[in-house]
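Heads up: the structure comes next, in structure tokens.
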Amino acid sequence: MQQSPPQTLSVEDRKRLALWAAGYAAKPSTLAAAGDSDEVTRSETLGQIAAMSDAVANALSLLPALGENNAGPLRTGRLSSGRVGETILVIQAELRDR
């Protein structure tokens, strides 16, 4: 059986995946919130941003906005829509204003 070559991700793809993961990480807390899920999402995203090093925050802030580029996990689609997509947009807005 022949093995396929290992797949590698570009630095830009890794940044996109990190931003998508940050957006997805807020989902459980938001779903568990009995009241204001928007406030829970904002609190979760601010906590994630506060935990980022300046280098990470700067790198992620350079990515195109969700849906602007049709490559990787930030393209418009199922994984970047709904609550996860909204969370990514909040993260991106906070990073730009940082």
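Filter region 8-42 down to the residues that are more than 20 Å from N70 (Cβ to Cβ) and surrounded by 15 or more Cβ atoms within 10 Å (Cβ to Cβ) and list them by number. Steps first, answer last, please.
Our first condition is that a residue be more than 20 Å from N70 (Cβ to Cβ); within region 8-42, this holds for 8, 22, 25-42.
Within region 8-42, A22, A25, A26, K27, T30, A33, S37, V40, T41, R42 qualify.
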* Structure fact -> Considering region 1-35, residues that are under 21 Å from S81 (Cβ atoms) and part of a loop (DSSP other than H, G, I, E, B), and then whichever is modelled with the lowest pLDDT, we arrive at A33
* Structure fact -> The lone condition P73 fails out of (1) outside any loop (DSSP other than H, G, I, E, B); (2) at pLDDT below 80; (3) farther than 22 Å from L9 by Cβ is (3)
* State whether the residues of region 50-61 include one that is surrounded by fewer than 12 Cβ atoms within 10 Å (Cβ to Cβ), modelled with pLDDT of 85 or more and of a type outside the set (G, A, S). => yes
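The values are calculated or read from the model by the stated rules, or taken from the named source; none is laboratory data. Note that the structure is predicted; figures quoted are calculated from it, not measured. With ideal geometry, Cβ positions are generated from the backbone for all residues, glycine too; neighbour counts draw on all protein chains shown.
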